[in-house]
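**Student:** Mind having a look at this structure? Questions to follow.
The values are calculated or read from the model by the stated rules, or taken from the named source; none is laboratory data. Remember, it's a predicted structure, so these values are computed and weren't measured experimentally. SASA here: full protein model, heavy atoms, side chains in, ligands and nucleic acids out. Shrake-Rupley method; radii C 1.70, N 1.55, O 1.52, S 1.80 Å.
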Amino acid sequence: MKKYLFLAGIQVMSALGLSAQTTSSNVPLQLLGTRSWIRVDMKDNQPNISGAKVFWAKTNKKPKTANAILAEGVKRYYIQQVEPETTYYIWVESATGKSMANGKVYTSKRWQLDNTELDEERKNPSSRAVPVGMEVYWQDEFNDQLLNRNKWTTNYFSSLNYLNAKSKDEMLHDRLPQPAYTLNGSAINLYVNDTIPKRIFTAGGNQKISSIQTYDWKSNENLLDNSKGGYFEVKT
């Protein structure tokens, strides 16, 4: 049996403005840094990065060899396994070695509403359903190729699980069962069936859980500002 959850845009509304949460850059690269990845785009009216060489470093000294060479057709690139709260310098060159763009980005652990999300919010009818006098404070259009770990954790847990010694030990040592999901550029699909996730959530139980949520039990971190939005959990 399969269960599908399609979530195209979760929103928390606030009367606060958007400007403080919007990122912009004056360099040809449009960069977004999160605790687990950096998104690299060329700005509008610039050539795309198909076939380009990408370099990155934690100092303003370009490596001698490219960290990645992009396949044809690639217009966006994700630098993964980055260190959180760290400044990264990024250079993009053509296949022939001509400099195309460069910039720097900070891998903040705080979520941000960036221009890509705001554009999607304006285009998506469900995302525009904002009551009069209120504005979007937090949302995720799930339009990235990777889950934004500044907004979501995949380590599902609850107060009931805390009473289970084995589950608590798994939580404390990063061994919790992980959800089965895909991202298609406009939604997240969470799956539960006979084969995925690979195991039931607790030994002796009968539940498989695919869940993402905005609270991390291990770090006691609420990824969403509790004074404005509280806690979200998406589960199937």
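**Student:** Take the Cα radius of gyration of the range 192-236 and divide it by 2.2 N^0.38 Å, with N its residue count; two decimals is plenty.
**Tutor:** 1.45
**Student:** Another question, then. Using 0.36 nm times the number of residues separating residue 124 and residue 160, minus their current alpha carbon distance, what extension gain do you get?
**Tutor:** 9.2 nm
**Student:** Could you work out the mean projected area of the convex hull around the alpha carbons of the range 58-215, in square nanometres to one decimal?
**Tutor:** If you wrap the Cα atoms of the range 58-215 in a convex hull and average its projections, you get 13.9 nm².
**Student:** Right, here's the next one. For the range 90-164, rounded, prolate or oblate, judged on the Cα gyration tensor with a ≥ b ≥ c (square roots of eigenvalues), a/c < 1.5 rounded, else prolate if a/b > b/c?
**Tutor:** Oblate shape, in that a/c is at least 1.5 and b/c is the bigger or equal ratio.
**Student:** Across the range 69-79, in residue order, what do the Karplus-derived ³J(HN,Hα) couplings come to in whole Hz, using 6.51 cos²θ - 1.76 cosθ + 1.60 with θ = phi - 60° and x for Gly and Pro?
**Tutor:** In residue order, the calculated couplings are 10, 7, 5, 4, x, 6, 10, 9, 9, 10, 8 Hz.
**Student:** Carbon and sulfur atoms: what percent of the 1.4 Å accessible area of the range 91-236 do they account for?
**Tutor:** Of all accessible area on the range 91-236, carbon and sulfur atoms account for 49 percent.
**Student:** Here's another thing I want to ask about it. Taking amide H positions as placed 1.01 Å from N in the peptide plane, with prolines and chain starts having none, which residues 5 or more places from residue 140, or on another chain, fall under 5 Å of its amide H?
**Tutor:** 10
**Student:** Can you give the accessible area per residue of the range 64-140, in Å², using a 1.4 Å probe?
**Tutor:** Using a 1.4 Å probe on heavy atoms only, each residue of the range 64-140 averages 60 Å².
**Student:** Something else now. Of 64/104; 53/151; 208/228, which pairs sit farther than 23 Å apart, going by alpha carbon to alpha carbon?
**Tutor:** Check vs 23 Å cut-off fails for 53/151; 208/228.
**Student:** May I ask for the Rg/Rh ratio of the range 138-236, computed from Cα atoms with Rh as the Kirkwood radius, given to two decimals?
**Tutor:** Here Rg/Rh amounts to 0.97.
**Student:** Over the range 65-109, what number does the Rg to Rh ratio reach, with both radii from the alpha-carbon atoms and Rh per Kirkwood?
**Tutor:** 0.99
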